[in-house]
1. Please find, among Thr71, Thr46, the residue that is more than 16 Å from Thr29 (Cβ to Cβ) and either in a loop (DSSP other than H, G, I, E, B) or of a type in the set (Gly, Ala, Ser) (or both).
2. Spot the failing condition for Arg34; the list is (1) in a strand (DSSP E or B); (2) among the basic types (Lys, Arg); (3) at positive phi, and only one is missed.
3. Considering only segment 39-76, how many residues are among the aliphatic types (A, V, I, L, M) and surrounded by fewer than 12 Cβ atoms within 10 Å (Cβ to Cβ)?
4. If you go through segment 74-89, how many residues are among the acidic types (Asp, Glu), part of a strand (DSSP E or B) and farther than 16 Å from Asp123 by Cα?
5. For segment 86-132, what are the residues that are closer than 18 Å to Asp45 by Cα and not aliphatic (A, V, I, L, M)?
6. Test Val120 against the stated conditions and say whether it is in contact (Cβ under 8 Å) with a residue 40 or more places away in the chain and within 16 Å of His76 (Cα to Cα).
7. Does Ile102 qualify as being buried (at least 18 other Cβ atoms within 10 Å of the Cβ), modelled with pLDDT of 95 or more, closer than 19 Å to His50 by Cα and out of contact with any strand residue (DSSP E or B) (no Cβ under 6 Å at 6 or more places or on another chain)?
Amino acid sequence: MTLHDNEVDFMTTTTPEQNKALVLEAFDTLFNQRDYTKAARYWSDTYIQHSAHIAPGREGLFELIRSVPATLRYEHGLILAEGDYVIVHGRFSGNGRPAAWIAADVVRIENGRLAEHWDVLQDEATQSESASGLPMFGDRFPA
């Protein structure tokens, strides 16, 4: 599902594939493009934020992104969907911290918009820090 700049999809029933596409487009719009006007079309105005480090609602999330360095980039890896829920495994790099964040974001979709969010975040381990000897994201360790 791709939404064009001047249309918003308010379907009441969406497929898991549509929900995955919606979440990826929304994340790219906010985290990489930093287009807050367009991002507001993806996030419900009654958005519920469960993350302990983000202030409530859509504006809490948008204010967090406004406050982090312009170098912030989001890239997704594995993405799964069932019904109205999407889980995406991704990396937030360039966040102004010593290590990128590896995230598992859980998003609930309602009426074609992101309505609720939970996350699990962890600093990305280097090869010397990894007890498993495997990278946390992708097939390579961070430089």
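1. Unique residue meeting the criteria: Thr71.
2. (1)
3. Count: 2.
4. 1
5. Arg108, Glu110, Asn111, Gly112, Arg113, Glu116, His117, Trp118
6. no
7. Considered against the rule, which asks whether it is buried (at least 18 other Cβ atoms within 10 Å of the Cβ), modelled with pLDDT of 95 or more, closer than 19 Å to His50 by Cα and out of contact with any strand residue (DSSP E or B) (no Cβ under 6 Å at 6 or more places or on another chain), Ile102 comes out as no.
Okay, residues lined up against (1) touching a helix residue (DSSP H, G or I) at 6+ places or on another chain (Cβ under 9 Å); (2) surrounded by 15 or more Cβ atoms within 10 Å (Cβ to Cβ); (3) without any contact (Cβ under 8 Å) to a residue 12 or more places away in the chain:
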site	(1), (2), (3)
Leu78	no, no, yes
Phe92	yes, yes, no
Arg113	yes, yes, no
Gly138	no, no, no
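The values are calculated or read from the model by the stated rules, or taken from the named source; none is laboratory data. All values derive from a computational prediction rather than experimental measurement. Every residue, glycine as well, gets a Cβ built from its backbone with ideal geometry; the counts of neighbours run over all protein chains shown.
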